[in-house]
Amino acid sequence: MNLLQDPWLPFRLKDGSEQTLPLTAIANPDVVDFALPRADFQGAAYQFAIGLLQTVFAPEDSDEWHDHYEQKPSQEMLQQAFDKAAHAFNTSGDGPLFMQDFDDLEAAKPTTVAGLLIEAPGGNGLKLNTDHFIKRGIGAVMSLEMANLALFTLQVNAPSGGQGHRTGLRGGGPLTTLVMPQNTDATLWQKLWLNVINREFWRYDDPDLNSHLVFPWLAATKTSEKKGLEVYANDVHPLHMYWAMPRRIRLQLDDGEALCALTDKALNKSVSHYRTQNYGTNYSGTWRHPLTPYKWNPKKPDEEHLSAKGQSGGISYKIWDALTLTNKNEGQYCAHVIEHFYAIERDFDEKLSQVPRLWAFGYDMDNMKARGWYSTTLPLFSISPKHQEEVLFKVKDLHKLSSDALWHCRTQLKSAWFEKPGDIKGDFTFVDLAFWQRTEAIFFNAVQNIITNTEADEYSLSGEQAGQWLRSIQRITIDIFDEYALSELGSERSMAKRIKARRGLTAWLYGGKDIKNFMKTYEIDAPKETT
């Protein structure tokens, strides 16, 4: 099977039906999305298709980018482009195989193919019978199509594997951020093309599609048993980032009837095992993957830049600025595709008609353990480059005051609940989640006001706008405290403790130093305290 020539990916059509079609179907006007059985596979399919388009069909400049956005290429034109790299996308047979080690790894002991799934219990979990919530045997048999997608998903997300099994180029469990049309029923082509960067914006040498510097599986792996064998960004072609391969893996294809555990489809050929060898490619140093934001210590710019990762509690507006804005002085890069959107939007704002959304997704990893998968959409705004720094600083002011309000709410809840709140180290992320969810709408309303006012060369927020935001933060914070601390009466002694904690919270919300400074800055009249 060849991933660029044969039908293998399931697609969702406008009428709601699903069909398995060749990859050129991304240019079919009736195709609106992929239709994969797992959320991480869905995200991986987008990364696969975007990486392929960037590798073999990247537009030369912004005009060509817009031409293809407005008028998608024919499937025949796409197939001609894909054929240039088809030799690197075989999944069975002789010669190099997609995302598989150049060596056949015959000496390695076969292991169950379920191990390609990031959340699958590891060998130690199976031995100790600790797989209570994610059971052994998930994905025990896969079709060749799903096994290759599982393999690609693992390679692009590869967490710490222990014993020399290397992490991905972006580190374990990176966040991926994509630009998505506002209209969820837009064609799949538009969804993908918004994340392909024109060559005038991102300059790199023409890729040699027969080279391991682009597709690493075309040559023997540079193994990493010892120090000094790391691979750095300047060692490979920039497009290598889409196809990085930290793990040494060979799939074992079996003949005979079987049932795919992921799709329930009957098979004549299946994959139930793979062989793996440790000490694969050890990606090191600073990279800038086009689909991922990065951060670093601005006081130490030569230190390694770290990719954004999934965190406990999910993806919320508390990291929105890091996902959407670049500022070297603050030590943050948004993904290159987001920067490209700003440039394209400036040139074609009327033709794009609606400002797209940001789709962010990724695993929350605790070393080798997957704690969760998060996927969410957040607003993108039209912000001219000359105003981005000012907008960023004002947004960070809102973030800080919001975070401080949450901290005081959480702290006073502990005081209301426990005799010795300082000793309590339990999980309070449910409080954080409630706060970020309930304050999201007012935050983005304030951001829109900041952008509109800044673009008009006015003060970032009017006194009325700033006051409305602050009063909403105060009200929501107190509401959350009351729900969790005062929802039941309890004893007279416990009620006195809870009332005292509430007074401590309101004292900061209406009289804290940071609150007073915010009110002074925006000339907000002192509100009355909520009773």
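The values are calculated or read from the model by the stated rules, or taken from the named source; none is laboratory data. Predicted model only: the values in this text are computed from it and were never measured. Cβ sites come from the backbone with ideal geometry, for glycine too, and all protein chains shown count toward neighbours. All accessible areas refer to the heavy atoms of the entire protein, side chains included, with ligands and DNA or RNA removed. Shrake-Rupley method; radii C 1.70, N 1.55, O 1.52, S 1.80 Å.
Data overview
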read-out: Considering residues of the range 1-21 that are in a strand (DSSP E or B) and open to solvent by 60 Å² or more (accessible area, probe 1.4 Å) only, the residue farthest from T263 (Cα to Cα); value: R12
read-out: Pair list, Cβ under 7 Å, 6 or more apart: the range 454-469 residue under 18 Å from S402 (Cα atoms), other residue of a type in the set (S, T, Y) and open to solvent by less than 10 Å² (accessible area, probe 1.4 Å); value: S460/T454
read-out: Long-range neighbours under 7 Å by Cβ, at least six apart or interchain, first residue under 22 Å from L23 (Cβ atoms) and open to solvent by less than 10 Å² (accessible area, probe 1.4 Å) within the range 90-116, second β-branched (V, I, T) and not in a loop (DSSP other than H, G, I, E, B); value: Q100/I249
read-out: Candidate set: the range 295-321, residues that are buried (at least 23 other Cβ atoms within 10 Å of the Cβ) and out of contact with any helix residue (DSSP H, G or I) (no Cβ under 9 Å at 6 or more places or on another chain); chosen: the one nearest to H240 (Cα to Cα); value: S307
read-out: Cβ pairs under 6 Å, 6+ apart, first in the range 403-426 and closer than 15 Å to I499 by Cα, second open to solvent by 70 Å² or more (accessible area, probe 1.4 Å); value: L413/Y484
read-out: Qualifying residue in the range 262-272 (condition: free of Cβ contacts under 8 Å to residues at least 12 places away in the same chain, surrounded by fewer than 20 Cβ atoms within 10 Å (Cβ to Cβ) and either more than 24 Å from the chain's Cα centre (by Cα) or outside any loop (DSSP other than H, G, I, E, B) (or both)); value: yes
read-out: Extreme residue, surrounded by the fewest Cβ atoms within 10 Å (Cβ to Cβ), among residues of the range 444-453 that are more than 30 Å from A416 (Cβ to Cβ) and touching a residue at least 40 places away in the same chain (Cβ under 8 Å); value: Q448
read-out: Test: T276 is in contact (Cβ under 8 Å) with a residue 12 or more places away in the chain, over 24 Å from R199 (Cα atoms), of a type outside the set (A, V, I, L, M, F, W, C) and open to solvent by less than 30 Å² (accessible area, probe 1.4 Å); value: no
read-out: Subset of the range 224-234 [more than 13 Å from T286 (Cβ to Cβ) and without any contact (Cβ under 8 Å) to a residue 24 or more places away in the chain]; value: K226, K227, G228
read-out: Hey, A405 over 17 Å from the mean Cα position of the chain (by Cα) and modelled with pLDDT under 95 or not; value: no
read-out: Count of the range 23-76 residues which are within 26 Å of the chain's Cα centre (by Cα) and not in a helix (DSSP H, G or I); value: 11
read-out: Filtered residues of the range 461-477 (kept if open to solvent by 20 Å² or more (accessible area, probe 1.4 Å) and part of a helix (DSSP H, G or I)); value: G463, E464, Q465, Q468, R471, R475
read-out: Candidates D482, D514 - the one that is within 23 Å of E440 (Cα to Cα) and free of Cβ contacts under 8 Å to residues at least 24 places away in the same chain; value: D482
read-out: Conditions (1) modelled with pLDDT of 95 or more; (2) open to solvent by 40 Å² or more (accessible area, probe 1.4 Å); (3) part of a loop (DSSP other than H, G, I, E, B): number failed by D254; value: (3)
read-out: Set A434, A441, A496: member being under 30 Å from P385 (Cβ atoms), among the small types (G, A, S) and either open to solvent by 60 Å² or more (accessible area, probe 1.4 Å) or in a helix (DSSP H, G or I) (or both); value: A441
read-out: Selected residue (criterion: least open to solvent (accessible area, probe 1.4 Å)) from residues of the range 388-422 that are of a type in the set (D, E), part of a helix (DSSP H, G or I) and closer than 25 Å to G512 by Cα; value: D404
read-out: Pairs where the first residue, in the range 366-387, is part of a strand (DSSP E or B) and the second is among the polar types (S, T, N, Q), C-beta under 7 Å, 6+ apart; value: R371/S312
read-out: Close pairs from the range 202-221: first farther than 25 Å from I338 by Cα and assigned to a helix (DSSP H, G or I), partner open to solvent by less than 70 Å² (accessible area, probe 1.4 Å) and β-branched (V, I, T), Cβ under 7 Å, at least 6 apart; value: P216/T281
read-out: Whichever residue in the range 478-493 is at negative phi and not in a helix (DSSP H, G or I) and, among such residues, is surrounded by the most Cβ atoms within 10 Å (Cβ to Cβ); value: L486
read-out: Residues of the range 51-76 classified as open to solvent by 40 Å² or more (accessible area, probe 1.4 Å), closer than 25 Å to L149 by Cα and not acidic (D, E), total; value: 1
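Okay, residues lined up against (1) of a type outside the set (K, R); (2) modelled with pLDDT under 95; (3) within 17 Å of W65 (Cβ to Cβ); (4) open to solvent by less than 10 Å² (accessible area, probe 1.4 Å):
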| position | (1), (2), (3), (4) |
| --- | --- |
| M142 | yes, no, no, yes |
| N148 | yes, no, no, yes |
| Q155 | yes, no, no, yes |
| L169 | yes, no, no, no |
| G172 | yes, yes, no, no |
| L192 | yes, no, yes, yes |
| V196 | yes, no, yes, yes |
| W202 | yes, no, yes, no |
| L213 | yes, no, no, no |
